[in-house]
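**Q** Sharing a structure here in structure tokens format.
Quick note: the coordinates plus some simple rules give every number you see, no bench work behind them. The model shown is predicted, which means the values in this text are computed figures rather than measured ones. Please note: Cβ atoms are built from the backbone with ideal geometry, for glycine as well, and neighbour counts cover all protein chains shown.
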């Protein structure tokens with residue numbers, strides 16, 4: 001049961017991160033943490049970073065959901 005809850009949380013976070021990258025949420029990239037990545041990678045680089053991070057989080061949700069329960 002715990003792996004289902006964790007995978008749902010990861011899936012929602014991954015969808016949010018991918019959505020922020022695709023739809024260019026200005027408030028997301030002007031937040032304190034978002035500005036850090038914009039400073040490191042530039043605006044387009046930060047969008048790519050959050051898109052890739054969202055895909056990795058989605059994979060983590062898939063992995064946690066399919067993990068065997070012991």
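**Q** For residue 7, state whether it is surrounded by 13 or more Cβ atoms within 10 Å (Cβ to Cβ) and in contact (Cβ under 8 Å) with a residue 40 or more places away in the chain.
**A** yes
Matching residues to (1) surrounded by 13 or more Cβ atoms within 10 Å (Cβ to Cβ); (2) free of Cβ contacts under 8 Å to residues at least 40 places away in the same chain; (3) in contact with a strand residue (DSSP E or B) (Cβ under 7 Å, 6 or more places away or on another chain):
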{"position": "24", "(1), (2), (3)": "no, yes, no"}
{"position": "28", "(1), (2), (3)": "yes, yes, no"}
{"position": "32", "(1), (2), (3)": "no, yes, no"}
{"position": "36", "(1), (2), (3)": "no, yes, no"}
{"position": "46", "(1), (2), (3)": "yes, yes, no"}
{"position": "51", "(1), (2), (3)": "yes, yes, no"}
{"position": "57", "(1), (2), (3)": "yes, no, no"}
{"position": "64", "(1), (2), (3)": "yes, no, no"}
{"position": "67", "(1), (2), (3)": "no, no, no"}
